[in-house]
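In what follows, a single structure is set out as structure tokens and then discussed.
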Amino acid sequence: MISKSKVLELIDERIAELGNGLFVVDLTISSNNVIQVELDKHEGNVSINDCMSVSRNVEHNLDREAEDFELQVSSAGLDKPFRVPAQYVKNVGRTVKVVLQNGKKIEGELKAVSEKDVVVENSRKEKIEGKKKKELIVEQHVLPMEQIKETKIVISFK
């Protein structure tokens, strides 16, 4: 079986050479040696060249004669939930949907991230008693990381 630590070492080696803010979101190696790597970038998007570069470094440094393997390197994808803290930091300022462990869903702008929690702000217009116009109500939700089941970016085509 191919060592996960060896593959991670090869990935980290290439990421350090590139020096463009790439980081590993997920690395899995199945029992039949299918290696799947998901990458993201602190700023901007992961390019095809980023994926090819990481893929080549892994492929050229593992011996196919010793163990055959399949390698898939891709970007994390907009439709997938966040899996590492760096994804939260990267997406501050974007609209997200957070599902808590208790099933409650909160949608709004990701305002801040720390090791312990995230801050999501949402707003709505509401009629206030005694006033003619609806007023803008802004709520900030401080959500502890251990209570978050999943967080996804809200994709909007407006």
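Laid out as a table, the results:
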quantity	calculated
Residue within the range 106-113 that is of a type in the set (Gly, Ala, Ser) and surrounded by 12 or more Cβ atoms within 10 Å (Cβ to Cβ) present	yes
Members of the range 49-68 that are at pLDDT below 95 and of a type in the set (A, V, I, L, M, F, W, C)	Leu62, Ala66
The range 11-46, residues that are of a type in the set (S, T, N, Q) and under 13 Å from Lys90 (Cα atoms)	Asn45
Test for Val99: is it within 20 Å of the chain's Cα centre (by Cα) and within 29 Å of Gln147 (Cα to Cα)	yes
Only one of Glu121, Glu13, Glu109 that is at pLDDT 95 or above, among the acidic types (Asp, Glu) and farther than 24 Å from Thr151 by Cβ	Glu13
Condition met for Ile155 (in contact with an Asp or Glu (Cβ under 9 Å, 6 or more places away or on another chain), in contact (Cβ under 8 Å) with a residue 12 or more places away in the chain and part of a strand (DSSP E or B))	no
Selection status of Asp117, farther than 20 Å from Phe23 by Cα and in contact with a Pro (Cβ under 7 Å, 6 or more places away or on another chain)	yes
Number of positions in the range 89-128 that are small (Gly, Ala, Ser) and touching a Leu at 6+ places or on another chain (Cβ under 6 Å)	1
Single residue of Asp50, Asp26, Asp12 found to be surrounded by 12 or more Cβ atoms within 10 Å (Cβ to Cβ), closer than 30 Å to Leu143 by Cβ, among the acidic types (Asp, Glu) and outside the structural domain of Glu109 (by TED's automatic domain parsing)	Asp26
Positions within the range 71-80 being of a type outside the set (Gly, Ala, Ser) and at pLDDT below 95, in sequence order	Leu78, Asp79, Lys80
Selection within the range 110-152 - among the aliphatic types (A, V, I, L, M) and part of a loop (DSSP other than H, G, I, E, B)	Ile128
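The values are calculated or read from the model by the stated rules, or taken from the named source; none is laboratory data. What you see is a predicted model, and the numbers here were worked out from it, not measured in a lab. For neighbour counting, all protein chains shown are included, and Cβ atoms are generated from backbone atoms with ideal geometry for every residue, glycine included.
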